[in-house]
1. Filter the strands (runs of 3 or more DSSP E) completely within the stretch 216-294 down to those with at least 3 residues that are farther than 24 Å from residue 188 by Cα, within 14 Å of the ligand (Cβ to nearest atom) and modelled with pLDDT of 95 or more.
2. Would you mind stating whether residue 157 is more than 15 Å from residue 306 (Cβ to Cβ) and in contact (Cβ under 8 Å) with a residue 24 or more places away in the chain?
3. With the requirement that a residue be within 14 Å of the ligand (Cβ to nearest atom), closer than 19 Å to residue 200 by Cβ and crowded, with 22+ Cβ neighbours inside 10 Å, what does the stretch 295-318 give you?
4. Please specify each residue of the stretch 59-106 satisfying the condition of being farther than 28 Å from residue 24 by Cα and surrounded by 12 or more Cβ atoms within 10 Å (Cβ to Cβ).
5. List the residue pairs whose Cβ atoms are under 7 Å apart, where the first residue sits in the stretch 1-30 and is assigned by TED's automatic domain parsing to the domain that holds residue 43 and in contact (Cβ under 8 Å) with a residue 12 or more places away in the chain, the second is surrounded by 15 or more Cβ atoms within 10 Å (Cβ to Cβ) and outside any helix (DSSP H, G or I), and the two are 6 or more positions apart or on different chains.
6. Would you list the helices (runs of 4 or more DSSP H) that sit entirely within the stretch 44-144 and hold 1 or more residues that are under 30 Å from residue 329 (Cα atoms) and away from the ligand (no atom under 16 Å from the Cβ)?
7. Look at the stretch 204-227 and say how many of its residues are surrounded by fewer than 16 Cβ atoms within 10 Å (Cβ to Cβ) and within 26 Å of the chain's Cα centre (by Cα).
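The values are calculated or read from the model by the stated rules, or taken from the named source; none is laboratory data. Computed from a prediction, not measured in an experiment: that's the story for all the values here. Here the Cβ is made from the backbone with ideal geometry for all residues, glycine too, and neighbour counts use every protein chain on show.
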Ligand code: DAH
């Protein structure tokens, strides 16, 4: 009997040691200590043992059972600890892990440039006047020395809403509103959308302008040039300069086209400046006396300069965009690349 118990014990120990998980351990328990287990069978056979031997045999059986159960408990505890550890590992939080990137919105390139321009000019003391997109013929043309039948009206293909009302073709219309409402000194910018029946790689039927107007005593073209030099340095970089070329606008006399030295090649000539070293950026001039007089400003006392900037044009130059449509197509691949 003792031998048999020893055999069971050794077999159990070997099985327990060999088992690789809780499941197998439970099986082994069943095989040895379960209802039909080997040791249980021995216990059941106790009735056949001679009465005087029963206490001794009982003690052996109990010892065997205890030894097996102890080892089993030990092994079980080990498996459970390992399982818990695995669970912890799988649920482990790495607090140093970088957070998931969230898609971040940014302002539209045209809005960014418009804001940059506004910031530069307001830091120079300009106030902001926002006009309206629907104007009447008088403010958009006539008061700007462009009466009916003036050939300069041809320069801007106009969307008329009625014989009197139109979608403004230029923020210059704002100049008149400001001069009617306020006596000099005047120093304003007027940003906003303008509309022209014009559509190609560099023109869009709707685009953005920023008008500037300064009226005060003793204002000359030199003041315009000085202000522009400062402006282009701030928007295109410290090394940029300007040059003025004669031009024509009905509301300025003299009128100029303003070129900026090419900020890409430094003036040597490249693709951007088409080999000339200069890039045209805006129109400007000394306010025509006829315009000031129309607004009851005494031209013996006051003079002024004005300028008009195409905001999309600045954005295209700054960000190397060759087709204005790219700015209006809402293509995230384009827009997400531009964030100053
Ligand atoms: N209004 C002009 C245009 O849209 C731009 C312009 C030129 C505005 C000269 C001005 C200026 O104020 O002085 O083409």
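1. Working: elements: 242-249, 252-261, 278-287.
Those strands (runs of 3 or more DSSP E) do not exist here; none qualify.
2. Details: more than 15 Å from residue 306 (Cβ to Cβ): yes; in contact (Cβ under 8 Å) with a residue 24 or more places away in the chain: yes.
The answer is yes for residue 157.
3. If the condition is that a residue be within 14 Å of the ligand (Cβ to nearest atom), closer than 19 Å to residue 200 by Cβ and crowded, with 22+ Cβ neighbours inside 10 Å, then 311, 312, 314 are the ones that fit.
4. Of everything in the stretch 59-106, just one residue is farther than 28 Å from residue 24 by Cα and surrounded by 12 or more Cβ atoms within 10 Å (Cβ to Cβ), namely 106.
5. Taking only residues 6 or more apart or on different chains, the pairs are 25/19; 28/19.
6. Details: elements: 54-90, 109-123, 137-140.
Once the helices (runs of 4 or more DSSP H) in the stretch 44-144 are filtered for at least 1 residues that are under 30 Å from residue 329 (Cα atoms) and away from the ligand (no atom under 16 Å from the Cβ), what remains is 109-123.
7. Of the residues in that region, 1 qualify.
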